[in-house]
Amino acid sequence: MDFEYSTKVKDLQRRLTAFMDEHVYPNEHRFEEEVAANRKAGNAWVPTKIVEELKPKARAAGLWNLFLPHSPRVPEGLSNLEYAPLCEIMGRVAWGAEIFNCSAPDTGNMETLERYASEPLKRQWLDPLLAGQIRSAFAMTEPDVASSDATNIQSRIERRGDDYVINGRKWWTSGAGDPRCKVYIFMGKTNPDAGRHEQQSMIVVPADLPGITVVRALNVFGYDDAPHGHCEVTFKDVRVPVDNILLGEGRGFEIAQGRLGPGRIHHCMRQIGVAERALELMCKRLSSRVAFGRAISTQGVWHERIAEARCMIDQARLLTLKAAYMMDTVGNKVAKAEIAMIKVVAPNVACKVLDWAIQAHGGGGVSDDFPVAYLYALSRTLRLADGPDEVHRNAVAKLELARHMQLPTDNIPMPITRGS
């Protein structure tokens, strides 16, 4: 395996870093001020002007839709290995990826539509998503069951004539709070009597249909994530044309295996960027503060933490690159152990480095004057989103036991889970 970045990727790294330096980092406070002003005016969900102003600049700079490989609609799309160092740079700012049309859940939904939707559905929904004209949401997790086991999902998708009728209650539906959200990808049961992994299906649901109610935005450690948001949403007798089903009835788990692999590794790539940003902020803060007559950065305990952070980040990056390389060369199914491992490692590394960064900032670390508290909230959430640590560790352990007992591993599925 050769992880040396290509000339093309190095050029994109340089251009993306320059874009972040010129347009994104200097506007972090403006973004926060806009959201605060919108909240004070009574609607925190209004899209910020700064992000909308930067999107055309990013597109003009050739930094748009880099996440989507092997798509005739996106010739600029990169492989997972090529995209990894660029996604890392975007992840250094919580809202950075949206500027480049590379933010969740749209990336996962666009990849799902590209792989599994009919051409009419692609024209209706994928094309405007790729153009950044609309946004989307993914409705899978439910409040009434442990969604870490997706076979527990109880929402129904029932065929009635030329329509499917959808009923269910979802939460942590990422993107549903955004007023630009025009479409959901919904997972539910079409046949409760089928085999355990053939009961579920996925269907494309226009967001303006009667019977869809966004009940509330869900806070994460006190943050509502406006203007993006994660919401509780109810679906009551929502009628959708049968042609909106993806692949066909009972194919939901198959689609989820294809969708969640790239989605998980994108989160991990961004988490490496978060950890790098935390280490940078920690070093700058320690060097600028004096306690007991000397710079805090001269204290041995901080030398230990800085060194450990550097080791952990570089280890996590190498595992991320290995997983990306395998996804590109042998596919998501063969790479399921590496995907599961990095999904555990990257958020835990980011959380640990952020915790040290918060400590280094003192009282400022738990305030909103610095980005570390909010980044910690997001990173801690990712130890649950797209599957809790325990589920991924369980999958890795089963694969390891099967390898040493010379048992087949093909029937050990990639975890299909988004939360608890």
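Only one residue in 92, 73, 159 is basic (Lys, Arg) and crowded, with 17+ Cβ neighbours inside 10 Å, so which one is that?
92 is the lone residue from the list that is basic (Lys, Arg) and crowded, with 17+ Cβ neighbours inside 10 Å.
Quick check on my filter: what residues within region 29-45 are modelled with pLDDT of 95 or more, of a type in the set (A, V, I, L, M) and surrounded by 17 or more Cβ atoms within 10 Å (Cβ to Cβ)?
35
Within the group 357, 309, 346, 323, which residue is small (Gly, Ala, Ser), within 20 Å of residue 380 (Cα to Cα), under 22 Å from the mean Cα position of the chain (by Cα) and buried (at least 17 other Cβ atoms within 10 Å of the Cβ)?
Details: 357 fails: under 22 Å from the mean Cα position of the chain (by Cα); 309 fails: under 22 Å from the mean Cα position of the chain (by Cα); 323 fails: within 20 Å of residue 380 (Cα to Cα).
Criteria check complete, one pass: 346.
Mind checking which residues of region 365-386 are touching a helix residue (DSSP H, G or I) at 6+ places or on another chain (Cβ under 8 Å) and farther than 20 Å from residue 88 by Cα? Before the answer, list the steps.
Narrowing region 365-386 to residues touching a helix residue (DSSP H, G or I) at 6+ places or on another chain (Cβ under 8 Å): 365-368, 370-373, 375-376, 378-380, 382-383, 385-386.
Correct list: 365, 366, 367, 368.
Only one of 237, 208, 243 is in a helix (DSSP H, G or I), over 26 Å from residue 30 (Cβ atoms), over 18 Å from the mean Cα position of the chain (by Cα) and not assigned by TED's automatic domain parsing to the domain that holds residue 370; which? Before you say what the answer is, go through the steps one by one.
Details: 237 fails: in a helix (DSSP H, G or I); 208 fails: in a helix (DSSP H, G or I).
Criteria check complete, one pass: 243.
Cβ-Cβ below 6 Å, separation at least six or inter-chain, first residue in region 338-350 and charged (D, E, K, R), second crowded, with 24+ Cβ neighbours inside 10 Å: which pairs?
Going by the 6 Å Cβ cut-off, the qualifying pairs are 338/323; 343/264; 343/392.
What's the number of the only condition in (1) over 23 Å from the mean Cα position of the chain (by Cα); (2) in the same structural domain as residue 75 (by TED's automatic domain parsing) that residue 2 fails to meet?
For residue 2, the failing item is (2).
Kindly provide the set of residues from region 365-397 that are over 16 Å from residue 350 (Cα atoms), part of a helix (DSSP H, G or I) and either in contact (Cβ under 8 Å) with a residue 24 or more places away in the chain or in the same structural domain as residue 26 (by TED's automatic domain parsing) (or both), ordered by number.
Answer for region 365-397, where residues must be over 16 Å from residue 350 (Cα atoms), part of a helix (DSSP H, G or I) and either in contact (Cβ under 8 Å) with a residue 24 or more places away in the chain or in the same structural domain as residue 26 (by TED's automatic domain parsing) (or both): 390, 391, 392, 393, 395, 396.
Restricting attention to region 48-60, does a residue exist that is more than 21 Å from residue 20 (Cβ to Cβ) and either out of contact with any strand residue (DSSP E or B) (no Cβ under 6 Å at 6 or more places or on another chain) or not in a loop (DSSP other than H, G, I, E, B) (or both)?
Initial filter on region 48-60 (more than 21 Å from residue 20 (Cβ to Cβ)): none.
Within region 48-60 (the criterion being more than 21 Å from residue 20 (Cβ to Cβ) and either out of contact with any strand residue (DSSP E or B) (no Cβ under 6 Å at 6 or more places or on another chain) or not in a loop (DSSP other than H, G, I, E, B) (or both)), the answer is no, since none of the residues qualifies.
The values are calculated or read from the model by the stated rules, or taken from the named source; none is laboratory data. All values derive from a computational prediction rather than experimental measurement. No Cβ is skipped: glycine too gets one built from the backbone with ideal geometry, and neighbour counts run over all protein chains shown.
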